[in-house]
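**Student:** Here's a structure for you.
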4 protein chains.
Amino acid sequence: MTGDATDPRHRPAHAARYAYLGPSGTFTEAALLQVPGAAEAERLPASSVPAALSMVERGEVDAAMVPIENSVEGGVTATLDAVSVAHRLHIVAESLVPISFVLAAAAPMPLEGVRAVTTHTHAWAQVRGWAEGHLDDVEFLPSSSTAAAAGEILRGETSAQAAVCSPLVAEQLGLHVLAEGIEDVSGAVTRFVLVSRPGPVPEMTGADKTTLMIPLPQDRAGALMELLEQFSTRGVNLCRIESRPTGGGLGQYFFSIDLEGHVAESRVAEALAGVHRSAPGIRFLGSYPRADRRSQHVTDDVSDAAFAAAEQWIGGIVGGASER
Amino acid sequence: MTGDATDPRHRPAHAARYAYLGPSGTFTEAALLQVPGAAEAERLPASSVPAALSMVERGEVDAAMVPIENSVEGGVTATLDAVSVAHRLHIVAESLVPISFVLAAAAPMPLEGVRAVTTHTHAWAQVRGWAEGHLDDVEFLPSSSTAAAAGEILRGETSAQAAVCSPLVAEQLGLHVLAEGIEDVSGAVTRFVLVSRPGPVPEMTGADKTTLMIPLPQDRAGALMELLEQFSTRGVNLCRIESRPTGGGLGQYFFSIDLEGHVAESRVAEALAGVHRSAPGIRFLGSYPRADRRSQHVTDDVSDAAFAAAEQWIGGIVGGASER
Amino acid sequence: MTGDATDPRHRPAHAARYAYLGPSGTFTEAALLQVPGAAEAERLPASSVPAALSMVERGEVDAAMVPIENSVEGGVTATLDAVSVAHRLHIVAESLVPISFVLAAAAPMPLEGVRAVTTHTHAWAQVRGWAEGHLDDVEFLPSSSTAAAAGEILRGETSAQAAVCSPLVAEQLGLHVLAEGIEDVSGAVTRFVLVSRPGPVPEMTGADKTTLMIPLPQDRAGALMELLEQFSTRGVNLCRIESRPTGGGLGQYFFSIDLEGHVAESRVAEALAGVHRSAPGIRFLGSYPRADRRSQHVTDDVSDAAFAAAEQWIGGIVGGASER
Amino acid sequence: MTGDATDPRHRPAHAARYAYLGPSGTFTEAALLQVPGAAEAERLPASSVPAALSMVERGEVDAAMVPIENSVEGGVTATLDAVSVAHRLHIVAESLVPISFVLAAAAPMPLEGVRAVTTHTHAWAQVRGWAEGHLDDVEFLPSSSTAAAAGEILRGETSAQAAVCSPLVAEQLGLHVLAEGIEDVSGAVTRFVLVSRPGPVPEMTGADKTTLMIPLPQDRAGALMELLEQFSTRGVNLCRIESRPTGGGLGQYFFSIDLEGHVAESRVAEALAGVHRSAPGIRFLGSYPRADRRSQHVTDDVSDAAFAAAEQWIGGIVGGASER
């Protein structure tokens, strides 16, 4: 899925070293394990997304896997902001991990015995419906991650009787699964990105995504339209858009955008250049293979061939060719 | 700021009762206290945003104050999703609360003595820069809210020596403030909305916002453009846009949008009707006064007067008036 | 084809009287003869398009048939300008007449004997290719119309041996046809419009056209785009557009536009109202049945039903309906 | 005004030879005389616009001056069509000639004595108001040009007593001017273009125009919008647009467009290339200096510098530059 990470241009001379949002056993580590070679590589858990990204910036690791979006909660805003603000990071791969939760305890016990549950607040939000239906008057005790919650249950460091965690960490720690598939919305996936220091852009695969951060030049009707016209005029599809406050006060925004396609494709390159003209503060955060491998449908009029033919035609005119 | 909440049409016959994202002392309660009359009203803390909203839906309270966006972290996605999914809720007011944090302990102590800090993970993300600069090798212990963290410090229920919390809760509980203004980004504000059951739309003030949820009819280049054209053609400004997965699998999206203006204004009403034609699943989540009171600039060609004049002109033609 | 001209609302109490661009026997009279009842009505030839229109304005005739476009030469600009400038005229019907020419002489003669040909300059332009191929070194003598040319040949009032004219006038005058179908582009048709004083707009037939004159408010990039967005946003197709100088100096323009649809259709009415807001000088010149009877394809999202549903939805919101 | 015509790249080795729409003394010859060197060059009158263009195509002349638009009548459609259809012609210069008419006779005479007037039908249309006000029941006798009419008056070859013609031809032929400035709309100008065989495009002057012929790929709502977006997205202003039937039956159109700018400017070149992608049948008919010398205002975001900066930025990304 993330074959580009093993591209010779990316592969470090030394053995690869990765950071990820820890602790061990989180969905993020599961995402990292999808990267070819990561299972054998050194994997360093970080206490937060910014901490993981700092390890990349300082050169302590080759890349970091961090969560960026899931189909239940939308953007994980801290990650997007951190990548956008960092000037020396780009995205080189994307991973999708199905989200499923189990209720796990240190020893077998009936559900009625569970009077307090520990997990991360986001995980709790995703199983709350199940919990209200199956656990009577249960108390929620927040933990810093689902893996941490599982560990606390294992070591008896919490007053909760059970943890909501991933099937994987329950298995790794040898916990007893009291209930599985307890997520309220089944089929959810979380999107993760692999972030590294700048280098060659991963090669185009025909099923790619490009991530951008674009400060909107003016706060007026039509400014967003004009921005989007740069994409639609070249047949470039967006797959995500979020206006985000710049942190400099309400009313100042930038746009975080994922689009379909790779910067090596003419329609994408020209659209990005078009945005750059009116919003020179645009930041390119990476072109990388889509985790879902869904290749985009590119119509003839925005194919690389159409761009090349148009380029040749206009070149002939400007060059004063005798036949137009 | 939220005078509409005292509008006779909204004011319940019985004494008002409000829910808010608790526990007591959070920024959300501070937002609620801005609502005229709320200081004297019954205020019920809820354990989560969905819980607060459920209390409104079940008629246990008149309205609920919940966080929806802050200028550091963007949308609070769970709230938006919960309001969008609920079919019997709308937004009637908006509040802004400046975000500032203090480091508070049960008794005076030097910063060097603080080896572990407890707070909500979002709050920790906003003071982490300060903490790394001022606290040596400090450990972070997550709590379910900043107010809960402060309470745990007061009652000695945590191994942390200090809590990151709001100035208000520190004062309410009588904690000692070790450092104040410790947020990494100053000037941040959090946006809250007051949600109630359907009723008359709050009256237009000239400085209003309207919130919508729009399922995108088709996943193709230009679909978003066509949607936005419905707004730009009528001079309607957007102040927030987020594409959000529907939860039904990656690739299916709806758009969460805030626009400038009130549904009672012709340009807004016609734009909404225009969207409705191609996206009949559009949901109107409320028109309400902007908390920042910033009135929009409406150009002449999209004023209510211009709409009325155009209406009269076209009516004369269709009606077969002799002079056109 | 032009059944609306017989609509009781249009039919004058007295016997109908029509003007047309004369003299007798022109394609314009042929167009007029398509109007039900015109064959029996009084038909007055006018010496020019403005003269014919003046007869309508002064009430001397009920309506006038004038040429407005043909598929070889595009807009007949004088007509468009005259209708646009007149404040008391509108278009109530459209006619199409196939354009075919014959070469006619007073008596039978070989083509080699034709050393000079008379006709209208526009007609000459349409047969010049044939003339160069079949007539040796022929001289062209301009006449004020093809019918006038035929008359001059009949009466020997010209030094030309033959006239280029319509098959009809050759037959009417008893001229000998030396060659027929001599037009360089076969299949050409000329479009004519029937112009009358203001009255009820002809009823919608489902295959209608609407003609507008729109002064462009500003001479800048995007002004035309914004104008056209008013149409495209409501799915309204244009079938003709021409920028035309206002006569007040180069650089000032208005747009002459034909669109598909009738002002009684919601999408057309709302588009016209939308244009009116930013260009209140817009002039409605008529909605009338298309001569080619080609009915337009109206997509669901811009059907009258979709407009009505959207109207009802937004009305429910503004009216404070409890269910949205 | 038309200095490019003397550009060494255009100047023929032999003495220049020009065709123009004759006969001698027309406004078209006046336009030609504005071309540097044309006064001394051989000037050949042609009987029609297509005849003049044929002389260019066959190499009998270096270039031809033909009328293309005037501020009273809009496009002179035959010229546009002829240039569009010809595959070996392009426009290298533009001339503007103020249109003013005189009433001229062979000898002095009172206006009451003028019972018939001869001139070209277009000229008659432009003085008809004056004629109706000053000449009692005057008859109009069409001539093939204003100059021909003047010649006929001089030689007594017409039953008219006076001709409507240009001041110049009246002076050249020694006619008596009975009235001057008789045009109904003063300040009118006619636009002429100088057409030659393909060669280097005239150099950019900063106040240029580009003429295009664009077949519309599809007859549907939005097709024209998408075409125009290619211009508006790059800040390219249109100064003329006309939809024109292709001659292949009603309902098939191409667009004749003049835009502000020169194909050597990045924004124009990229817009043309953008149109070429979806309408590869686009024809470039020339970039040439504007006769009115009005330089366009190019905003920063579409300047050549902005295009170059964007190009460099995107090149750095695609090239794998380490800093983005």
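**Student:** Please tell me if D:ASP208 is farther than 30 Å from D:GLY133 by Cβ, in contact (Cβ under 8 Å) with a residue 24 or more places away in the chain and among the acidic types (Asp, Glu). I'd like the intermediate steps shown before the answer.
**Tutor:** Working: farther than 30 Å from D:GLY133 by Cβ: yes; in contact (Cβ under 8 Å) with a residue 24 or more places away in the chain: yes; among the acidic types (Asp, Glu): yes.
For D:ASP208, the condition - farther than 30 Å from D:GLY133 by Cβ, in contact (Cβ under 8 Å) with a residue 24 or more places away in the chain and among the acidic types (Asp, Glu) - is met.
**Student:** A follow-up question, please. Check off (1) in contact with a Phe, Trp or Tyr (Cβ under 8 Å, 6 or more places away or on another chain); (2) surrounded by fewer than 23 Cβ atoms within 10 Å (Cβ to Cβ); (3) not hydrophobic (A, V, I, L, M, F, W, C) for A:PRO202 and give me the number that stays unchecked.
**Tutor:** In the conditions (1) in contact with a Phe, Trp or Tyr (Cβ under 8 Å, 6 or more places away or on another chain); (2) surrounded by fewer than 23 Cβ atoms within 10 Å (Cβ to Cβ); (3) not hydrophobic (A, V, I, L, M, F, W, C), A:PRO202 misses (2) alone.
**Student:** Taking region D:244-255 as the search range and keeping residues that are facing chain C (nearest Cβ under 7 Å) and buried (at least 20 other Cβ atoms within 10 Å of the Cβ), which one is modelled with the lowest pLDDT?
**Tutor:** If we filter region D:244-255 for residues that are facing chain C (nearest Cβ under 7 Å), which is where we start, we get D:244-245, D:247, D:249-250.
Checking the rest, the ones that are also buried (at least 20 other Cβ atoms within 10 Å of the Cβ) come to D:244-245, D:250.
Working: D:ARG244: 76, D:PRO245: 70, D:LEU250: 48.
Per the criteria, the residue is D:LEU250.
**Student:** If we keep just the residues of region D:14-32 that are among the hydroxyl-bearing types (Ser, Thr, Tyr) and within 16 Å of D:GLN172 (Cβ to Cβ), which is farthest from the chain's Cα centre (by Cα)? Steps first, please.
**Tutor:** Kept after step one, since they are among the hydroxyl-bearing types (Ser, Thr, Tyr), are these residues of region D:14-32: D:18, D:20, D:24, D:26, D:28.
Next, from what is left, pick out any that are within 16 Å of D:GLN172 (Cβ to Cβ): D:20, D:24, D:26, D:28.
Details: D:TYR20: 12, D:SER24: 19, D:THR26: 15, D:THR28: 10 Å.
Looking at the filtered set, the residue picked out is D:SER24.
**Student:** I'm checking my understanding of the structure. Among residues of region B:278-295 that are among the small types (Gly, Ala, Ser) and assigned to a strand (DSSP E or B), which one is surrounded by the fewest Cβ atoms within 10 Å (Cβ to Cβ)? Working first, answer last.
**Tutor:** Of all residues in region B:278-295, those among the small types (Gly, Ala, Ser) come to B:278-279, B:281, B:286-287, B:291, B:295.
Keeping just the survivors that are assigned to a strand (DSSP E or B) gives B:286-287.
On the way: B:GLY286: 26, B:SER287: 29.
In this case the residue turns out to be B:GLY286.
**Student:** Let me spell it out: the conditions are (1) without any contact (Cβ under 8 Å) to a residue 12 or more places away in the chain; (2) touching a strand residue (DSSP E or B) at 6+ places or on another chain (Cβ under 7 Å), and C:GLU157 meets all of them except one. Which number is the exception?
**Tutor:** Failing condition for C:GLU157: (2).
**Student:** In region B:142-199, how many residues are surrounded by fewer than 18 Cβ atoms within 10 Å (Cβ to Cβ) and of a type in the set (S, T, N, Q)?
**Tutor:** Number of matching residues: 3.
**Student:** List the number of the failed condition for D:GLU112; all other conditions in (1) buried (at least 24 other Cβ atoms within 10 Å of the Cβ); (2) modelled with pLDDT of 90 or more; (3) assigned to a helix (DSSP H, G or I) hold.
**Tutor:** (1)
**Student:** Here's a follow-up. Looking at C:VAL49, C:VAL56, C:VAL35, C:VAL66 in this structure, which one is aliphatic (A, V, I, L, M), outside the structural domain of C:GLN172 (by TED's automatic domain parsing), modelled with pLDDT of 85 or more and under 13 Å from the mean Cα position of the chain (by Cα)? Outline the logic, then answer.
**Tutor:** Working: C:VAL49 fails: modelled with pLDDT of 85 or more; C:VAL56 fails: under 13 Å from the mean Cα position of the chain (by Cα); C:VAL35 fails: under 13 Å from the mean Cα position of the chain (by Cα).
The conditions single out C:VAL66.
**Student:** Residue by residue through region A:310-324, note down the ones that are small (Gly, Ala, Ser), at the interface with chain D (Cβ under 7 Å from one of its Cβ atoms) and either in contact (Cβ under 8 Å) with a residue 60 or more places away in the chain or part of a helix (DSSP H, G or I) (or both). Steps first, answer last, please.
**Tutor:** First, pick out the residues of region A:310-324 that are small (Gly, Ala, Ser): A:310, A:315-316, A:319-322.
Imposing the further condition that a residue be at the interface with chain D (Cβ under 7 Å from one of its Cβ atoms) reduces the set to A:310, A:320, A:322.
Residue satisfying the conditions is A:ALA310 alone.
**Student:** Then there's this: Check B:ASP258, B:ASP184 and return the single one that is at pLDDT 85 or above, among the acidic types (Asp, Glu) and in contact with a strand residue (DSSP E or B) (Cβ under 9 Å, 6 or more places away or on another chain). Full working, then the answer.
**Tutor:** On the way: B:ASP184 fails: in contact with a strand residue (DSSP E or B) (Cβ under 9 Å, 6 or more places away or on another chain).
None of the others qualify; the one that does is B:ASP258.
**Student:** Name the single residue that is surrounded by the most Cβ atoms within 10 Å (Cβ to Cβ) among those in region A:92-108 being in a loop (DSSP other than H, G, I, E, B) and touching a helix residue (DSSP H, G or I) at 6+ places or on another chain (Cβ under 9 Å). Before the answer, list the steps.
**Tutor:** First pass over region A:92-108, keeping only residues in a loop (DSSP other than H, G, I, E, B): A:99-101, A:106-108.
With touching a helix residue (DSSP H, G or I) at 6+ places or on another chain (Cβ under 9 Å) added as a condition, the list becomes A:99-101, A:106.
On the way: A:ILE99: 21, A:SER100: 18, A:PHE101: 26, A:ALA106: 17.
Result: A:PHE101.
**Student:** Quick check on B:THR210: is it crowded, with 17+ Cβ neighbours inside 10 Å, at pLDDT below 85, more than 30 Å from A:GLN296 (Cβ to Cβ) and more than 8 Å from every other protein chain (Cβ to nearest Cβ)? Full working, then the answer.
**Tutor:** Details: crowded, with 17+ Cβ neighbours inside 10 Å: yes; at pLDDT below 85: no; more than 30 Å from A:GLN296 (Cβ to Cβ): yes; more than 8 Å from every other protein chain (Cβ to nearest Cβ): yes.
In short, no.
**Student:** Let me ask something else. Being surrounded by fewer than 16 Cβ atoms within 10 Å (Cβ to Cβ), within 14 Å of chain D (Cβ to nearest Cβ) and at pLDDT below 95 is the requirement here; does C:ASP137 meet it?
**Tutor:** yes
**Student:** Which residue, of C:VAL275, C:VAL263, C:VAL298, is out of contact with any Ser or Thr (no Cβ under 7 Å at 6 or more places or on another chain), in a loop (DSSP other than H, G, I, E, B) and either modelled with pLDDT under 90 or within 13 Å of chain B (Cβ to nearest Cβ) (or both)? Explain how you work it out, then say what you get.
**Tutor:** Details: C:VAL275 fails: in a loop (DSSP other than H, G, I, E, B); C:VAL263 fails: out of contact with any Ser or Thr (no Cβ under 7 Å at 6 or more places or on another chain).
None of the others qualify; the one that does is C:VAL298.
**Student:** Go through region D:252-290 and give me each residue that's free of Cβ contacts under 8 Å to residues at least 40 places away in the same chain and either touching a Cys at 6+ places or on another chain (Cβ under 8 Å) or not small (Gly, Ala, Ser) (or both). Let's see the steps before the verdict.
**Tutor:** Of the residues in region D:252-290, the ones free of Cβ contacts under 8 Å to residues at least 40 places away in the same chain are D:252-253, D:269-270, D:273, D:276-277, D:280.
If the condition is that a residue be free of Cβ contacts under 8 Å to residues at least 40 places away in the same chain and either touching a Cys at 6+ places or on another chain (Cβ under 8 Å) or not small (Gly, Ala, Ser) (or both), then D:GLN252, D:TYR253, D:GLU270, D:HIS276, D:ARG277, D:PRO280 are the ones that fit.
**Student:** Exactly one of (1) within 14 Å of another protein chain (Cβ to nearest Cβ); (2) crowded, with 22+ Cβ neighbours inside 10 Å; (3) closer than 21 Å to C:VAL164 by Cβ is unmet by C:GLY25. Its number?
**Tutor:** It fails just one condition, (1).
**Student:** A:LEU194 versus (1) over 30 Å from A:SER54 (Cα atoms); (2) more than 8 Å from every other protein chain (Cβ to nearest Cβ): which is the lone unmet condition?
**Tutor:** It fails just one condition, (1).
The values are calculated or read from the model by the stated rules, or taken from the named source; none is laboratory data. Keep in mind it's a predicted model, so treat the numbers as computed, not measured. Using ideal geometry, Cβ is built from the backbone for each residue, glycine included, and neighbour counts are taken over all protein chains shown.
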